[in-house]
Structure formats: C-alpha cells, structure tokens
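Since the structure comes first, as structure tokens, the remarks are kept for the end.
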Amino acid sequence: MTLDQIKEAARFISSKIEVKPQFGIILGSGLGSFADELSQKVCIGFRQIPHFHVSTVAGHEGRMVIGTYDKIPVMILQGRFHYYEGYAMDQVTFPVRCMLSLGISNLIVTNAAGSVDIEYKPGDFMLIKDHIKFHGENPLRGPNMDEYGPRFNDMSDPYSAQIRQLAKSCAKAVNIELKEGVYYYMTGPCYETAAEVKAINTLGANAVGMSTAPEVIVAAHGGMNIMGLSCITNMATGIIDQHVDHDGVMKMGNQVEKKFITLLKSILTEWSTL
C-alpha cells in the first residue's frame, strides 16, 4: 500500500459523492443492515474502488454505502478485510486510510465476538474500552506515513472515554443493556482452543474476535475519534460445552440486529452534536 494508492482510492470515492461523510462505520458479521437506514444512498462495490480488496466471508456484503442518517453524512462499510483471508495488514486497514484521506474524523467499528467471560452472554452488546493484540504484524510496520500521524503514536485512549460515556448514556436512554469490556484480537481463521480462551480471560479480556484491533491502531495513528462495539454471538470454546461455527455467529447477529440498529442510531445522533 502506498500513499498514491490511498489517494487514488479516496479521489474515486469522492467523485461519487456530493457531501463529505462525517462518520465512518465498519459493520461486522451479521450486522450489515444498518446501511438500509441511510437516505440519499450511493452504493459502491469494493471491486469498483481502486486498490480495494474483496471480503470473502459470509455476512460481509463487500460494498460501501454512503448517505445520510438524520441529516448526518455517513460512510458505511458492509464488510471488512481480514488478516486470515491472506491480506497483509496494510491491506486490511486500507479502508481506514481512505477515510482519513477523505477527512473523516469519527470511526465506529463493530464486530461479532465470542465471550471468554461467563458474565458476557450471547446477545449482549459490549462497548470496547480497550484491546489486547499480541498476534500478527502491526499495521504501522514499515516507513511511517507522516501525513497521517507520528512514528510512535499514543494508544492510551484509543476507544475514546468521552465517546464511551456518551454511548452508555444512549444505551440507557433506549433501555438497552450495554456492557463494557476488553476485546482480544486473534488472527484466525480457526476458533480458539479451550486453553487459549482460558489464557485470554486470565490476561484481562472479556471477548475475543478476528478483526477491529488493526483498524483501530491505524485510526488512532490518524487521530480519529473511535468507538468500538462488539455483539457477543457465542460463548468461546471451553466456557460451555458447545460446538462453535460461523453459522451460529451469523444467526445470533441476525437475532439482535434490530436492537443493535436502535443503539447505533441513538449513539450516532448524540455523537454528531458534540
């Protein structure tokens, strides 16, 4: 990934829209229908955008939807790229770099995650307060892109405390329980073993997944305001005696999607007034 490639993709996207998005939203497995809430929509398939890649995962539609919700200009990615699909970290985070080039300063990342904590159940929503990433290369590895941020960027508050407080207030207002916890990043594609799950929980995480952390690292490097939201779709291996598969993850995501959309709409409306 080069700066010229990022700029070319951003110019292409900009040529298709009239109003610059204020928010970028990345939607995880089974959570993509929030894009249906937008008006004045422009839909762009990932294949159409220069240097973009294709999501190969079920539940990731693979398109960008740009429009407005409650007069708020929004860019939504229905799907994302994953390291386990064979993409390098700079490819995984390419869409976030494009958002930065378009001047988008606010990012909402969502995902489907497995619980490694008996207190977090399928169907729960978890506001991400921090993440742990020990695996895989860092998306900032290599020559620093000075245009976006410093060589050594701060990660003391990647999931903005101010926005988390706003999100909790919004959840209370719409009568949705919102837990708050730590997300552990695994590269995938296999689900975690029972021993890994036990270790992950011991390290302080509440949920585990295969995305989000690389995107947040690049977004934080670029100075974006970030909120992360996990939909707990399953209990991780060893927490209870069950088989884990992607169909189950998708099924739970679909079951809670209406509630998820209600919460996201409330947060977006309030955040836009800051």
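Could you tell me whether the stretch 1-155 comes out rounded, prolate or oblate from its Cα gyration tensor? Rule is a ≥ b ≥ c as square roots of the eigenvalues, rounded for a/c under 1.5, then prolate if a/b exceeds b/c, otherwise oblate.
Note, shape of the stretch 1-155 comes out oblate.
Compute the distance from the alpha-carbon center of the stretch 184-251 to that of the stretch 1-57, in whole Å.
24 Å
With a sphere of radius 15 Å drawn around the Cβ of Ile240, what net charge do the other residues whose Cβ falls strictly inside it have (Lys, Arg +1; Asp, Glu -1)?
On the way: positive: Lys121, Lys198; negative: Asp117, Glu119, Asp124, Glu192, Asp241, Asp245.
Net of charged neighbours comes to -4.
What is the extension gain from Asp245 to Asp70, computed as 0.36 nm multiplied by their sequence separation minus the C-alpha to C-alpha distance, in nm to one decimal?
Going from the current span to full extension adds 59.4 nm.
For the stretch 40-50, just list the computed ³J(HN,Hα) in residue order, Karplus coefficients 6.51, -1.76 and 1.60, θ = phi - 60°, integers in Hz, with x standing in for Gly and Pro.
Values per residue, Gly and Pro as x: 6, 7, 10, 10, 10, x, 4, 5, 7, 8, x Hz.
Among residues other than Lys129 whose Cβ falls under 9 Å from its Cβ, what is the net charge (Lys/Arg +1, Asp/Glu -1)? Display every interim value, and only then the final one.
Numbers: positive: Arg164; negative: Asp130, Glu180.
Residues near Lys129 contribute -1 overall.
May I ask for the net charge around Leu3, where only other residues with Cβ less than 14 Å from the Cβ of Leu3 are counted and Lys, Arg are +1 while Asp, Glu are -1?
On the way: positive: Lys7, Arg11, Arg97; negative: Asp4, Glu8, Asp90, Asp146, Glu147.
Spelling it out: positives minus negatives among the neighbours equals -2.
To the nearest 20 debye, what charge dipole does the chain have about its Cα centre, counting +1 at the Cβ of each Lys and Arg and -1 at the Cβ of each Asp and Glu?
Details: 24 positive and 28 negative charges, 120 e Å.
The dipole magnitude comes to about 580 debye.
Whole Å is fine, so just give me how far the alpha carbon centre of the stretch 61-108 lies from that of the stretch 256-274.
The stretch 61-108 and the stretch 256-274 have Cα centres separated by 18 Å.
If I stretch the segment between Asp154 and His51 completely, what's the gain in nm (0.36 nm per residue apart, minus their alpha carbon distance), one decimal?
Length gained, Asp154 through His51: 34.2 nm.
Could you state the angle between the C-alpha long axis of helix 161-173 and the longest principal axis of the C-alpha atoms of the chain, as a value from 0 to 90 degrees rounded to the nearest 10?
70 degrees
Could you go through the stretch 85-98 in sequence order and give the Karplus-derived ³J(HN,Hα) for each residue, using 6.51 cos²θ - 1.76 cosθ + 1.60 with θ = phi - 60°, rounded to whole Hz, and x for Gly and Pro?
6, x, 7, 6, 4, 5, 6, 4, 9, 3, x, 5, 4, 5
Counting helices only, and only those DSSP H runs with n ≥ 4, report the 222 nm mean residue ellipticity of the chain as the sum of -39,500 (n - 2.57) divided by its residues, in deg cm²/dmol to the nearest 500.
Numbers: 8 runs with 81 residues, N = 274.
So the calculated ellipticity at 222 nm is -8500 deg cm²/dmol.
Between Asn225, Gly209, His135, whose Cα lies farthest towards the positive end of the dipole of the chain when Lys and Arg beta carbons carry +1 and Asp and Glu beta carbons carry -1, centred on the Cα centre?
Asn225
Calculate how steeply helix 257-271 sits against the longest principal axis of the alpha-carbon atoms of the chain, using the helix alpha-carbon long axis, and give the answer as 0 to 90 degrees to the nearest 10.
Around 50 degrees separate the two axes.
Go through Lys20/Lys172; Lys133/Lys251; Lys20/Lys133; Lys41/Lys168; Lys179/Lys259 and tell me which ones have a Cα-Cα distance over 25 Å in this structure.
Lys20/Lys172; Lys133/Lys251; Lys20/Lys133; Lys41/Lys168
Using a Cα-Cα cut-off of under 13 Å, which aspartates and glutamates could be cross-linked to Lys198, ignoring same-chain neighbours fewer than 8 residues away?
In chain and number order, the partners are Asp117.
Just so you know, all these numbers are worked out from the coordinates, no wet-lab data involved. Every value quoted in this text rests on a predicted model; they were computed, and no experiment measured them. Virtual Cβ from ideal backbone geometry, glycine too; neighbours counted across all protein chains shown.
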